[in-house]
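Q: One structure coming up, written as structure tokens, with questions to follow.
The values are calculated or read from the model by the stated rules, or taken from the named source; none is laboratory data. Keep in mind that what you see is a predicted model, and the values were worked out from it rather than measured. Don't worry about glycine lacking a Cβ; one is built from the backbone with ideal geometry, like all the others, and counts go over all protein chains shown. Heads up: the accessible areas ignore ligands, DNA and RNA and are worked out on the full protein's heavy atoms, side chains in. Shrake-Rupley method; radii C 1.70, N 1.55, O 1.52, S 1.80 Å.
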Amino acid sequence: MGSAWNTAVVGAGIVGLLTAWQLRLQGHTVTVIDPEPATQASYAAAGMLAPVSEVQYGQQALWDVMTAAQAEYPELIKTLQQASAQPTGYRENGTLLVAADTSDRQAVADLVAVQQGAQMEVTALTSSQLRRSEPALSPGLAKAWSVPGDHQVNPRQLVRCVTEALNAPLEFFPQAGPPAHWTRKRVLRVEQTPPGIRVDYDDASGSVFDRVALTPGLGYSQIKGICEHYPLQLRPVYGEVIRLRVRPEQLLEGEEHVLNSTIRATVRGRSVYLVPRAPEDPLEPLGLVVGASSREDAVAGTHAGSVAELLEDAIAVLPAVREMEVVEITTRARPGTPDDRPYLEAVTEDGAVVISTGYHRHGILLGPLAARLTAALLSGEELSDHQRAHLAVTRLRRD
Ligand SMILES: Cc1cc2nc3c(=O)[nH]c(=O)nc-3n(C[C@H](O)[C@H](O)[C@H](O)COP(=O)(O)OP(=O)(O)OC[C@H]3O[C@@H](n4cnc5c(N)ncnc54)[C@H](O)[C@@H]3O)c2cc1C
């Protein structure tokens, strides 16, 4: 590494926290600034790491980035486990794509053809294979495919773990910077004031840093100064997520959970997913996350119709949902962009400010890649060809 900078990360969702972690690992001093860390999109997310099942028509530019991001997870998890005693919430449990009726089957089969055409691993299951792997699913489902490489992480657990790693002494990483500083304030303005970057807070105080990562999710549009020079097309895309708990009496002898894999189902044309947390997950023991709606109606509160549809579709796929305990219903906004691609780019001539936001439906998946790229840009590292290709996808001004 070259210089050790005095860096700031504005916004402590998953993207900001992982960025802070990378900066610390590279030897920098890090201040994490957020009035309420990890309470926005990252708090709601199910945490699917699903570059294959998240494939959308016409978004080829994103596919490589999503695949590369998922490949970062095992190394991130290994590093975090050396720095923190907290479990990471990472789980390699695979995913099944499920079609409820015959018209759903055609729709899912069409998407599977695209995924397979892009050399992604997706395999059709016979009904007896499906019954053997997921006996609790409804017997009437039309068709299922296995996506063995799509996994999950519990974002709330990951937040805890990264936070502890940011605060820990880090004896395993002698080159790392000191424990992070935390500033619980809202940033109002970020301005280049050579030789530094000035950050102004909502209590009329301010600080100057050598390097600043702007990771405030949807909050970007409210920050004055540099953010006004780079207006971004961000919009809130609201989603409801239902957190359920399996009742122990729902399990047969020897069973640890009602599901082994994540289920992504199409039910009469609607999408629903069911993500089983690890049976021993400390935050969501025997948890099942059902999601997610997608609304652009500017209504920040929980929408009853969306919750009803999610439960109805989840029960159609997994009848046992009817007997489970509802632990929580969470509504948050995804930081949406027009083409689902995030915005990640160094915006000052010397690379001292990096904007990293707009992770929309994929921020948990893309977080480690985004963090590495941001830290590399801020540190002035030589980028690899792959990193340059990923940055070409995330430029603020689209090609
Ligand atoms: C219902 C739902 C389900 C989802 N499921 C998945 C999934 O399964 N897999 C996946 O990969 N992604 C998923 N996502 C998307 C993912 O949650 C987001 O893309 C990701 O959390 C974005 O992270 P972030 O850190 O950029 O933003 P956020 O988590 O929104 O964090 C931004 C932070 O910035 C802070 N902030 C804002 N303004 C300021 C300011 N002026 N000063 C200081 N701090 C500020 C906020 O307080 C907040 O803590 C889901 C999202 C939703 C809503």
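Q: State the Cα centre-to-centre distance between segment 63-84 and segment 175-229 in whole Å.
A: Taking the Cα centre of segment 175-229 as reference, the centre of segment 63-84 is 26 Å away.
Q: Round to the nearest 10 and report in Å² the accessible area of Thr29, as given by a 1.4 Å probe over the protein chains' heavy atoms.
A: Thr29 has an accessible surface of roughly 40 Å² with all protein chains in place.
Q: Still on this model: Modelled label-to-label distance, Glu381 and Gln222, 7 Å Cα→beta-carbon offset: nm?
A: For Glu381 paired with Gln222, the spin-label model returns 3.2 nm.
Q: Also, quick follow-up: Please work out how much accessible surface Thr193 shows to a 1.4 Å probe, ignoring ligands, DNA and RNA, in Å² rounded to 10.
A: About 50 Å², ignoring ligands and nucleic acids.
Q: Right, here's the next one. Among Ala41, Ala371, Ala107, which one shows the highest mean-square fluctuation when the chain is modelled as a Gaussian network with alpha-carbon springs under 10 Å?
A: It is Ala107.
Q: I'd like the distance between the alpha-carbon centres of segment 320-399 and segment 1-39, rounded to an integer number of Å.
A: So the two Cα centres are separated by 14 Å.
Q: Rank-order 380-391, 260-271 by packing density, defined as the average count of other C-beta atoms within 10 Å over each peptide's residues, highest first.
A: 260-271, 380-391
Q: Something else now. For segment 47-65, list residues with backbone N below 14 Å from a point placed 7 Å from the Cα of Thr123 toward its Cβ?
A: Answer for this model: none.
Q: Rounded to the nearest 10 degrees, what's the angle between the helix 304-317 long axis and the longest principal axis of the chain, both from Cα atoms, 0 to 90?
A: So the inclination is approximately 50 degrees.
Q: Let me ask you something else. If you take the beta carbon distance between Arg132 and Arg270 as r and set R0 to 35 Å, what does 1/(1 + (r/R0)^6) give as a FRET efficiency, to the nearest 0.05?
A: About 0.85, to the nearest 0.05.
Q: With angles folded into 0 to 90 degrees, how steeply does helix 14-25 sit against the dominant principal axis of the chain? Use alpha carbons for both and round to 10.
A: Long axis of 14-25 versus the principal axis of the chain: about 50 degrees.
Q: How much FRET efficiency would the formula 1/(1 + (r/R0)^6) give for Asp110 and Val326, where r is the Cβ-Cβ distance and R0 is 41 Å, rounded to 0.05?
A: So, using R0 = 41 Å, E works out to roughly 0.75.
Q: Which lysines, on any chain, are close to Lys224 with Cα under 19 Å apart, when same-chain ones fewer than 8 places away are left out?
A: Lys185
Q: Count the DSSP beta bridges whose two residues both fall in the chain, then state the antiparallel fraction as a percent rounded to the nearest 5.
A: Among the beta bridges of the chain, antiparallel pairing accounts for roughly 70 percent.
Q: Return the distance in nm (one decimal) between the two label points of a simple spin-label model at Gln233 and Ser103, each offset 7 Å from Cα along Cα→Cβ.
A: A separation of 3.1 nm, rounded to one decimal place.
Q: Further, regarding this structure: What Kirkwood hydrodynamic radius do you get for segment 120-198 when you take the inverse of the mean 1/r over all pairs of distinct Cα atoms, in Å?
A: 18.5
Q: Could you work out which residue, out of Leu111, Leu214, Leu288, moves most in a Gaussian network model of the chain, that is, has the largest mean-square fluctuation with Cα springs under 10 Å?
A: Leu111
Q: Among Pro51, Pro338, Pro216, which one moves the most in a GNM of the chain with springs linking Cα atoms closer than 10 Å?
A: Pro338
Q: Here's another thing I want to ask about it. Kirkwood hydrodynamic radius, the chain, all distinct C-alpha pairs: what's the number in Å?
A: Kirkwood hydrodynamic radius for the chain: 21.7 Å.
Q: Measure off, as a whole percent, the carbon and sulfur share of the 1.4 Å-probe accessible area of segment 78-151, all protein chains present.
A: C and S fraction of accessible area: 49 percent.
Q: Let me ask you something else. Round to the nearest 10 and give me the degree value, 0 to 90, for the angle of helix 102-117's Cα axis relative to the longest principal axis of the chain.
A: Once rounded, one gets 50 degrees.
Q: Still on this model: Cα-Cα pairs above 22 Å in segment 1-81: how many percent?
A: Every Cα pair in segment 1-81 considered, those over 22 Å come to 41 percent.
Q: At 222 nm, what helix-only mean residue ellipticity would the chain give, in deg cm²/dmol to the nearest 500, using -39500 (n - 2.57) for each DSSP H run of four or more?
A: -9500 deg cm²/dmol
Q: Using only the heavy atoms of the protein chains and a 1.4 Å probe, how would Phe172, Phe209 rank by accessible area, largest first?
A: Output order, biggest surface exposure first: Phe172, Phe209.
Q: Which value, in Å², gives the accessible area per residue of segment 1-151 when a 1.4 Å probe is used on the protein heavy atoms?
A: 39
Q: Here is a follow-up. Over all directions, the average projected area of the alpha-carbon convex hull for segment 149-269 comes to how many nm²?
A: Its Cα hull, projected and averaged over all orientations, spans 14.4 nm².
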